[in-house]
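Report on the structure given below.
The values are calculated or read from the model by the stated rules, or taken from the named source; none is laboratory data. Not measured: the values here are computed from a predicted model. Neighbour counts run over all protein chains shown; Cβ positions are idealised from the backbone, glycine included. Side chains included, ligands, DNA and RNA excluded: accessible areas come from the protein's heavy atoms. Shrake-Rupley method; radii C 1.70, N 1.55, O 1.52, S 1.80 Å.
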Amino acid sequence: MAASKPVEPQSGSGLPRWQLALLVGTPIVLGVGAVYLWNRSRGKEKQGKKNGERKTPEGSASPVQGQHGATNPELENMVMSPIIKAQSAKNKGNKYFKAGKYDQAIQCYTDAISLCPKEQKGDLSTFYQNRAAAYEQQLKWTEVIQDCSQAVELNPCYIKALFRRAKALEKLGNKKECLEDVTAVCILEVFQNQQSMLLADKVLKQLGKEKAKEKYKNREPLMPSPQFIKSYFSSFTDDIISQPLQKGEKKDEDKDKEGYLKAKQYMEEENYDKIISECTKEIESGGRYTAEALLLRATFYLLIGNSTAAQPDLDRVINMDDASVKLRANALIKRGSMYMQQQQPQLSTQDFNMAAEIDPRNADVYHHRGQLKILLDQVEEAVGDFDECIKLRPDSALAQAQKCFALYRQAYTGNNPSQVQKAMDGFEDVIRRFPKCAEGYALYAQALTDQQQFGNADEMYDKCIELEPDNATTYVHKGLLQLQWKQDLEMGLELISKAIEIDNKCDFAYETMGTIEVQRGNLDKAIDMFNKAINLAKSEMEMAHLYSLCDAAYAQTEVAKKYGLKPPTL
């Protein structure tokens, strides 16, 4: 589990890395659905209505009101007009509906529709919507969709009809159309209703998983940038395969050597594209470094996002009786991290626990298991693992910084000011004792941002850039800080563009740029950015999230075309 990006929990009120990209001064409501960022306050008085279920029929359409409300003496003296007869049939239908007599209610609403003059669009749309509500109670989803469509055609901004149709579409598996309807509802409600937000979130996740599964299976392998690879290997201290060539293995003494030693030489030269093929030569020839070659090949399969090819190599190393304990433990750590990316936490935990059993003095086991525990929101256990890592490797600045971050996140989400301050003091101690650890400054900067100490956070990011000028992620975080702190859009975009210039394979930068373009209303550009990030995603889980963001932006383009609805922009 690489430490190239700050490790953050996936649940609770702490924001994961991808949500941090959306923090530009606007509250974030839900998981993937947080691409809907325009959660502007509309006043407390409407909250009760907006958070209620949309189950019952109604007297008039929303927002278009019915043409005829309460009766008055003049109307009572008039001969009943068609609209009055229609309203009477509707009212009778409402009584049947409330009594649970849905067949009778449907017949009354049908009568109301046939009696209603065509020019009375507001009333007619209500009658269709009410009949759809009755069909919904009978689970007749096709009829629900047909009647809601009639209601929306008469009144394009009819929230109840749009949402009821969205739910019916979801029941029939029409996720794309469902997403468009619920997106329109979210925009009309200014993202204030949890019901519609939850449905949007659910459908986005489903679409994202489906698309990612297909794309990831057929994707072309892509080697990450040298910066990412170096950062990945820097998170290991007991990884034999990432160590420099030993004295007896120097390239000058083995010029013509092929296989594992040649692969190690390519590692030092950062000629990463040739490593897998050289490892394959070692494995196929049954050379003395077969176990090492299997582990190195598996590692690069993981780096290019090919977990299907990586797993057999990792399995083989783990089960090799003649492989060193260090190699087997490292293979377990990497397989455990792979399982976590595949959202199989139980298998992941098993592998880390097995690694701790076979190599209890391996600091990497506790460091990476600590990261896993943070992702699972098991903070106390994470801190225990970081402590064990620090005991074995007192000079492990990375573990010390991540322990501080775990303690800070626990205190912050638990709203414990004294413990928050203690964690902040811990960060100060870490950067004082380990002034060359860029990760310490980066994690401290995140905590300072949470505390709205923006100036100090900016200084910490500057320290990161000074230590690691080629770390694109730091530029992205610094750019986000400018947006949140100074609302300086130009500076924020400039820094994120700089990240892409430094590392044009930085998916985080493209993802962040996409979220900003969504907020600016540049949906086509946002979709382009998300697609670039999708092609660079390193796991199926990351790809699913990115597809969700892309689908949300695309749904908004469709809603804008159909209904002329657009959320507020920056």
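For the reader, a short list of remarks on this structure follows.
- Remark: segment 252-399 carries 44 Å² of accessible area per residue (probe radius 1.4 Å; ligands, DNA and RNA excluded).
- Two-site label geometry, Glu153 and Met320: point separation in nm, points 7 Å out along Cα→Cβ: 6.8
- Backbone HN-Hα couplings from phi across segment 334-351 [Karplus 6.51/-1.76/1.60, Hz, Gly and Pro as x]: 6, 5, x, 5, 4, 4, 5, 5, 8, 6, 10, x, 5, 5, 4, 4, 4, 5
- Burial order of peptide ranges 465-475, 208-218 (average beta-carbon count within 10 Å, highest first): 465-475, 208-218
- Between Asn353 and Glu214, residue separation times 0.36 nm minus the direct Cα-Cα distance comes to 46.8 nm.
- Calculated FRET efficiency for the pair Asp524/Gln487, C-beta based, R₀ 30 Å, to 0.05: 0.80
- Rounded to whole numbers, the Karplus 3J(HN,Hα) couplings from phi for segment 535-546 are 5, 9, 4, 9, 8, 5, 5, 4, 5, 4, 4, 5 Hz, using 6.51 cos²θ - 1.76 cosθ + 1.60 with θ = phi - 60°, and x at Gly and Pro.
- Projected label distance in nm at Asp425 and Asp462, using a 7 Å step from Cα toward the beta-carbon: 2.7
- Distance between the C-alpha centres of segment 335-396 and segment 82-121: 64 Å, rounded to the whole angstrom.
- Per principal axis, descending, Cα span of segment 460-500 in whole Å: 26, 21, 10
- Annotation: per residue accessible area for segment 486-570 equals 41 Å², rounded to a whole number [probe 1.4 Å, protein chains only].
- Here the accessible area of segment 104-202 is 50 percent carbon and sulfur, with a 1.4 angstrom probe and all protein chains present.
- Low-density loop cleavage sites - GluC sites (Glu not before Pro) in segment 118-200, where at most 12 other Cβ are within 10 Å (DSSP): Glu119
- Segment 82-218 pair-distance distribution - Cα-Cα, 10 Å bins, rounded %: 13, 36, 30, 14, 4, 2, 0
- Met354 accessible area, 1.4 Å probe, all protein chains in place, Å² to nearest 10: 80
- Accessible area (Å², per residue) of segment 96-245, counting only protein heavy atoms and a probe of 1.4 Å: 42
- Inter-site label distance for Lys562 and Ala309 at 7 Å from Cα along Cβ, in nm: 4.2
- Multiplying the residue separation of Lys498 and Ser234 by 0.36 nm and subtracting their alpha-carbon distance yields 92.7 nm.
- Whole-percent carbon and sulfur share, accessible surface of segment 486-570, 1.4 Å: 47
- When the solvent-accessible area of segment 272-326 is split by element, carbon and sulfur atoms take up 45 percent of it, the probe being 1.4 Å.
- Between Gln104 and Met223, full extension at 0.36 nm per residue minus the direct alpha carbon distance yields a gain of 36.4 nm.
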